[in-house]
């Protein structure tokens, strides 16, 4: 067997150890003691090998634009939308491409090899972003999978040309139908927008990913309509509701009805913990709501849930690292998912669970799957979330796309012998 790449003695997410053989962009074997010749053989003993990280919710047309043309002083969703409206007329296709490519480079270095990005489709200015991201999708295709969602940020009906521009974006090759029903002028318009957008998706054979109920208002219940349309139109398994923060404030009886309906319609959920806890509750004094949706309860009903990053250095969020382990770390805390099984599942929520939502059937550490993976300086998935460690090696579609040398820290403390202490504990959490 002639191999392109052979990784020796890696630790798989389930704790087992194996060699991984790669040829022609495919994993051809995962087993112990593979001794075949390879173009390159790398010893990764004791390091965690994971499927690549996936971000199911991002806004790449706005990323890395922080401070243009001003800063969001209130930190609210609505000021962020208003600020984005000021920035859109200033956009150029070249600037969108430059920022998006810079972010994709950053993402790849962190082992993030697939991103679902929403792109504004509210008006003619927004088409600059659409054209830019379509170009970026082609440019990064050899090493990063970019899905694009047509997203009428200012309201499918509320913005005069949003319906026309959204359909035009889909005609241009945008992958997924999005929406923002809670931002329409009325609850009724929001419900109508969910219906029409889902019908568009059904007619075109596309998936749906809708910003849904990103508000503290417990009466914002468009997820109910989205669930209904998924069932009515036969879109089961192809629909995701993003944010769903109003569920944080809904009464328990209503939620006890809603969650089984979501499970029945196979509607997935994409909470974005870094952004949800930053933006929500801005009108509260105390007690102050933090806005994350009901993640643990959804998981109990068998609903597919994946963490999203949402924003990095843009009108809504002044921070961000392109590190999905940061997202899992924050989500774990806010959702209070601190049992070992829950912490372990938080790792899946930025890898395998996200792949389900994105519709990837060639993803994972299995023979015959696409050879995309990341090697982390950690012993297991829980330790990886705890430490957010270096990505020592990133492989995309059979090619090494990023490497990093391990860095040791030498401690020279008064009265104590010098010691090299890598990551301040290499002991795994098993």
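Bear in mind these aren't lab numbers, they're just calculated from the coordinates by the rules spelled out. Quick caveat: nothing in here was measured; it's all calculated off a predicted structure. Don't worry about glycine lacking a Cβ; one is built from the backbone with ideal geometry, like all the others, and counts go over all protein chains shown.
Side notes on the structure shown:
- Mean Cα-pair separation over length for the chain, i.e. relative contact order, pairs under 8 Å, 6 or more apart, %: 18
- Highest mean first, the peptides 175-185, 196-206, 58-68 sorted by other C-beta atoms within 10 Å per residue fall in the order 175-185, 58-68, 196-206.
- Sorting 405, 339, 23 by the number of Cβ atoms found within 10 Å of their own Cβ, with the fewest placed first, yields 405, 339, 23.
- Helix-only mean residue ellipticity at 222 nm for the chain, each DSSP H run of n ≥ 4 adding -39500 (n - 2.57), per residue, nearest 500: -10000 deg cm²/dmol
- Within the chain, DSSP assigns beta bridges of which about 45% are antiparallel (rounded to the nearest 5).
- Here the label points at residue 26 and residue 161, each 7 Å from Cα along the C-beta direction, are separated by 4.7 nm in the simple model.
- The relative contact order of segment 99-255, computed from alpha carbon pairs under 8 Å that lie at least 6 residues apart in sequence, is 17 percent.
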